[in-house]
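Down below is the structure, laid out as structure tokens.
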Amino acid sequence: MSGAVLLSRSFRPHPSLLAGAMLLALVLAPSLLSAVWTPWPPLRLDIIHRLAPPSAAHWLGTDPFGRDLLSILMVGARNSLIVGVAAIALAVIIGIPAGLAATGRGIPAMAVSRATDLGLAFPPLLTAAMVVAVYGAGMTGTILAIALFNVPAFVRLTRTQAASVLSRDFIAAARVAGRGRAAVLAVHVLPNIAGTLVVQATLALALAALSEAGLSYLGLGVPPPAPSLGRALADYQTRIFDDPLLVVAPGAVIALLVLGFNQLGDGLRDLLDPRIGR
Amino acid sequence: MTKLLEVADLRVHARGAALLDGVGFSLEAGETLGVVGESGCGKSLLALALMGLLPTSLTASGSVRLDGADLLGLAERDMCRVRGARIAMVFQEPRLALNPVQAIGRQVAEGMRLHLGLGRATADARARTLLDRVGLAAVSADAYPHMLSGGQLQRVMIAVALACDPAVLIADEFSTALDMTTQAQIVALLAEVAHATHMALMLITHDLGLVSHVADRTMVLYAGRVAEIGPTRTVFAARLHPYTQGLFAATLHGTRAAPGQMLPTIPGQVPNPFARPAGCAFAPRCGRVRADCEAAPPALEGDLHRVACLHPLPVA
Amino acid sequence: MRLALRLVVTLLASSLLIFIALNILPGDPAAVMLGIDAQPETIAALHHKLGLDVPAPARYAQWVLGLLSLRLGDSYTYGIPVSQLLAGRLQVTLPLAGLTLLLSVAMGVPVGVAAAARQGRIADSMIMATAQIAKSMPDFWLGVMLILIFSLWLHWFPSGGFPGWQDGPWAALRALLLPAIALALPAGAILARFMRSATIDALQQDFVRTARAKGLSPRAALWRHAVPNGLIPMVTLVGIQFPLLLSGTIIVENVFNLPGLGRLLLEAINQRDLMVVQDLVVLLVACVVVVNFAVDRLASWLDPRLAAA
């Protein structure tokens with residue numbers, strides 16, 4: 001019976017990883033490029049040529065102030081990426097050790113668990129809006145805000161994953177052999193849960209990009225005049241009838257960024273998951 | 001007289017390998033057939049093939065005739081009418097084989113409502129009677145599977161299988177997950193019900209003791225083929241096929257081994273279905289192998305007691 | 001009752017958190033309200049009126065005690081009780097959240113089951129690819145797109161604003177439909193993907209094979225046995241997603257100009273109306289706790305094993 005079951009599973013390659021990587025590259029390349037070159041300076045006003053349709057000079061046309069849309073999108077995407085990566089990195093640096101600590105038995109472990117449960121009950125945007133309100137709009141505030149509401153998720157994930165590894169027999173063996181708790185966590189637990197955490201971080205990046213866009217849309221993100229995808233959408237919303245591309249384009253870039261990270265995360269998860277054929 | 005169930009030349013293929021390679025036997029109403037063999041010999045596949053529940057990556061060929069009608073050729077919709085109503089199956093792990101979020105009474109009644117068209121109240125009442133019949137009078141029909149023990153769950157499974165009075169019941173290693181006492185009780189229950197309702201019972205197991213107590217006939221499978229088949233008493237006494245002989249020798253029953261004495265085993269392993277020898281599948285492990293054994297797989301020879309061996313053990 | 005206890009504990013914890021966070025906020029609400037040229041005496045008078053001259057711990061105690069007896073204090077900006085402000089806004093946000101939940105489940109569950117039933121085939125890949133794209137789209141962008149198509153081009157729906165419930169439910173629902181769809185599409189996509197894997201897991205269980213052995217067709221086995229089991233983890237997911245849903249309503253209310261809690265929150269933040277902000281945060285967190293509690297109850301009802309635990 002077992003032989004038959006094994007044979008009935010079909011082995012398929014996982015193109016989602018490839019697709020994700022390609023989608024991300026599509027957005028990453030121009031945004032990284034924007035650090036050294038954009039077709040036009042994104043802040044350059046050109047009132048005479050405002051609201052121009054796509055042309056050879058302006059590949060995506062211009063906005064109500066004559067600024068090149070493509071350049072704005074490139075720099076805006078770069079800002080979203082910077083915020084997203086920084087925020088998730090921060091969340092990981094705080095969340096993973098906290099999650100590992102929470103697997104202990106003392107009062108600090110319990111406190112961390114309770115705090116995490118509370119943190120998860122806060123709507124993410126709420127937390128972000130609060131932080132930005134306190135620290136003011138700006139890249140730092142946005143990064144802190146997004147990092148803050150991602151911390152509970154990482155703490156919880158790390159804790160549950162670590163707890164399941166800790167309950168396995170080889171951990172007991174290591175402890176009996178004399179390994180200290182911290183060493184066990186570092187040497188045995190962490191490598192085993194690293195895969196899941198990487199997948200989670202990738203997917204969290206997707207959500208972070210989305211959150212950054214949302215915050216910017218509400219005026220709580222990077223302040224003007226720095227280009228921002230979300231704020232562009234908010235600014236151009238009133239012009240939607242005249243020039244839909246102004247609204248479609250920023251949103252599409254955000255969607256591509258999020259899609260890329262989501263695909264990449266899913267692809268990584270498929271790669272790391274021992275159950276094949278899904 | 002046509003037999004109730006006639007299986008001829010049943011093969012189950014998977015990407016180039018024949019997991020079941022020409023199995024044939026018959027079953028009469030009221031008869032209990034024991035099917036024995038090691039893991040990997042295809043016993044469970046046989047059961048699934050008869051029920052039409054093979055995984056989609058496997059294909060079956062040959063003929064399986066129930067009351068004269070070929071089951072393998074049936075469309076899925078027609079096969080659904082046969083399953084549960086005419087031919088039913090009891091599975092190995094009852095805890096996993098029952099829906100955890102549905103009451104046991106409902107699960108027993110489901111088949112009745114489907115095949116017999118009973119209304120909910122009637123079906124529930126019949127399910128209650130059936131649960132009593134299998135020894136669960138003290139258990140509520142509204143209980144959920146997680147509230148019952150393994151033995152009780154297996155009785156529920158039997159009730160589920162018996163719901164529509166099937167003509168054939170296949171029990172696949174159904175007592176493996178149970179302790180010895182419960183095992184004995186469940187087997188006795190099954191045998192009793194089978195005899196009372198004149199139901200044919202196919203008992204798939206690796207437990208020779210079980211077979212000796214309950215089965216009228218025994219079939220020994222090896223590497224997807226029938227090695228030996230016949231009345232239980234004759235097969236157990238004669239053990240014509242060297243594999244059967246080896247199985248018995250490897251079973252500890254009443255013999256005391258002297259300290260330091262090696263317990264008898266069959267040397268070697270069951271061949272991989274993708275790499276079966278051209279001739280007799282047992283040849284590489286057989287102590288009686290001759291040159292002609294490796295030429296072609298031997299056919300089943302004999303009358304009531306048949307064996308697929310060119311050089312069977314002599315009758316004692 | 002357990003819910004009451006959980007609510008009170010969460011209320012105390014979150015209120016403390018919020019109070020501390022907001023009271024290190026730079027900027028004086030009174031000064032903001034009166035403008036740059038205000039005299040110190042006027043500011044002091046407003047401080048007194050708003051109760052800002054009382055030390056922080058006392059203010060906190062006052063506030064929390066008021067919360068427990070459902071007195072929410074007065075808004076700094078408008079001077080009227082916060083509860084009055086909330087009453088009108090709740091009429092928008094609660095139905096919106098409810099409608100979104102309904103739509104996302106109505107879209108997500110059947111799509112997920114359909115994909116699971118066709119696992120490995122092209123339909124499955126296509127459904128999942130669509131869901132992947134749908135869940136990557138920003139809900140506020142979807143909102144703007146929907147306005148473009150259904151409001152500005154087709155004139156089927158209003159492009160914003162909320163007419164209220166007094167003239168019957170239909171006008172109000174029409175105003176809430178596009179925003180709810182904008183939110184429900186990404187949320188439904190997430191539910192669909194999850195329902196698909198939960199159903200696939202259930203389909204691989206032995207009890208589905210037993211159902212087939214009884215003579216149930218593949219479709220009957222799917223819907224009567226696999227899906228009920230797949231719904232259980234799904235219900236828990238809905239609970240986990242609820243905070244995200246609330247986040248979404250905050251944004252979407254701004255896209256569609258809906259006078260709901262989200263808009264109130266942003267206005268209050270900008271105006272430094274701390275009383276409103278504090279109350280709103282506690283209210284939203286309380287909503288999450290209530291929804292999670294309801295979800296737990298529902299899961300226990302669906303899964304007798306949980307009820308026993």
**OP:** Give B:Val193, B:Val108, B:Val187 a once-over and let me know the one that is within 11 Å of another protein chain (Cβ to nearest Cβ), part of a helix (DSSP H, G or I) and either within 23 Å of B:Met51 (Cα to Cα) or within 17 Å of the chain's Cα centre (by Cα) (or both).
**Re:** B:Val108
Original post:
Looking at B:Leu313, is it crowded, with 18+ Cβ neighbours inside 10 Å and of a type in the set (A, V, I, L, M)?
Top reply: no
Original post:
What residue, among those in the range B:130-158 that are closer than 22 Å to B:Ala215 by Cβ and part of a helix (DSSP H, G or I), is nearest to the other protein chains (Cβ to nearest Cβ)?
Top reply: B:Met157
Original post:
What number of residues in the range C:247-257 are more than 9 Å from chain A (Cβ to nearest Cβ) and over 15 Å from the mean Cα position of the chain (by Cα)?
Top reply: 2
Subject >> The listed residue being more than 12 Å from every other protein chain (Cβ to nearest Cβ), part of a helix (DSSP H, G or I), small (Gly, Ala, Ser) and surrounded by fewer than 22 Cβ atoms within 10 Å (Cβ to Cβ), out of C:Ala172, C:Ala192, C:Ala180, C:Ala184 >> reply: C:Ala172
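Conditions tested, residue by residue: (1) out of contact with any helix residue (DSSP H, G or I) (no Cβ under 6 Å at 6 or more places or on another chain); (2) open to solvent by less than 40 Å² (accessible area, probe 1.4 Å); (3) in contact (Cβ under 8 Å) with a residue 24 or more places away in the chain.
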position	(1), (2), (3)
A:Phe170	yes, no, no
A:Ala173	yes, no, no
A:Ala177	yes, no, no
A:Ala183	yes, yes, no
A:Leu197	yes, yes, yes
A:Thr202	no, yes, yes
A:Ala206	no, yes, yes
A:Ser211	no, yes, yes
Original post:
For A:Gly61, which of the numbered conditions (1) of a type outside the set (Asp, Glu); (2) at positive phi; (3) surrounded by fewer than 18 Cβ atoms within 10 Å (Cβ to Cβ) fails to hold?
Top reply: (3)
**OP:** Take the range C:246-259 and flag every residue that is assigned to a helix (DSSP H, G or I) and open to solvent by 20 Å² or more (accessible area, probe 1.4 Å).
**Re:** C:Asn254
**OP:** Kindly state which helices (runs of 4 or more DSSP H) lie completely within the range C:261-309 and contain at least 1 residues that are modelled with pLDDT under 85, more than 14 Å from chain B (Cβ to nearest Cβ) and farther than 21 Å from C:Leu7 by Cβ.
**Re:** C:261-271, C:274-302
Original post:
In this structure, does A:Asp266 turn out to be within 8 Å of chain C (Cβ to nearest Cβ) and under 22 Å from A:Thr160 (Cβ atoms)?
Top reply: yes
**OP:** Could you check C:Leu70 against (1) surrounded by fewer than 19 Cβ atoms within 10 Å (Cβ to Cβ); (2) under 30 Å from C:Val255 (Cβ atoms); (3) at pLDDT below 80 and say which number it fails?
**Re:** (2)
**OP:** Hey, can you tell me all the residues within the range A:67-112 that are over 26 Å from A:Gly214 (Cβ atoms) and open to solvent by 50 Å² or more (accessible area, probe 1.4 Å)?
**Re:** A:Pro97, A:Ala101, A:Arg105, A:Ile107, A:Pro108, A:Met110, A:Ala111
**OP:** Taking only the range B:9-51 into account, find how many residues are part of a helix (DSSP H, G or I) and either away from every other protein chain (no Cβ under 11 Å) or not hydroxyl-bearing (Ser, Thr, Tyr) (or both).
**Re:** 8
**OP:** Answer yes if at least one residue in the range B:241-259 is in contact (Cβ under 8 Å) with a residue 24 or more places away in the chain, over 28 Å from B:Ile170 (Cα atoms) and of a type in the set (A, V, I, L, M, F, W, C), and no otherwise.
**Re:** no
Subject >> Residue match in the range A:200-209 (condition: within 30 Å of A:Phe65 (Cα to Cα) and either assigned to a helix (DSSP H, G or I) or within 20 Å of the chain's Cα centre (by Cα) (or both)) >> reply: yes
Original post:
Just a yes or no: is a residue in the range B:121-129 in contact with a helix residue (DSSP H, G or I) (Cβ under 7 Å, 6 or more places away or on another chain), in contact (Cβ under 8 Å) with a residue 24 or more places away in the chain and within 7 Å of chain C (Cβ to nearest Cβ)?
Top reply: no
Original post:
In the range A:23-42, how many are open to solvent by less than 90 Å² (accessible area, probe 1.4 Å) and in a loop (DSSP other than H, G, I, E, B)?
Top reply: 7
**OP:** Please name all residue pairs, on different chains or six or more residues apart, with Cβ atoms under 6 Å, provided the first residue is in the range B:85-104 and is more than 7 Å from every other protein chain (Cβ to nearest Cβ) and open to solvent by less than 30 Å² (accessible area, probe 1.4 Å) and the second residue is small (Gly, Ala, Ser) and in a loop (DSSP other than H, G, I, E, B).
**Re:** B:Ile104/B:Ala143
**OP:** Output the residue which, of all residues in the range A:218-232 that are in a helix (DSSP H, G or I) and under 16 Å from A:Gly138 (Cβ atoms), is least open to solvent (accessible area, probe 1.4 Å).
**Re:** A:Gly230
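The values are calculated or read from the model by the stated rules, or taken from the named source; none is laboratory data. In this text, all values refer to a predicted model and were calculated from it rather than measured experimentally. Don't worry about glycine lacking a Cβ; one is built from the backbone with ideal geometry, like all the others, and counts go over all protein chains shown. These area figures cover heavy atoms from the full protein model, side chains too; ligands, DNA and RNA do not enter into them. Shrake-Rupley method; radii C 1.70, N 1.55, O 1.52, S 1.80 Å.
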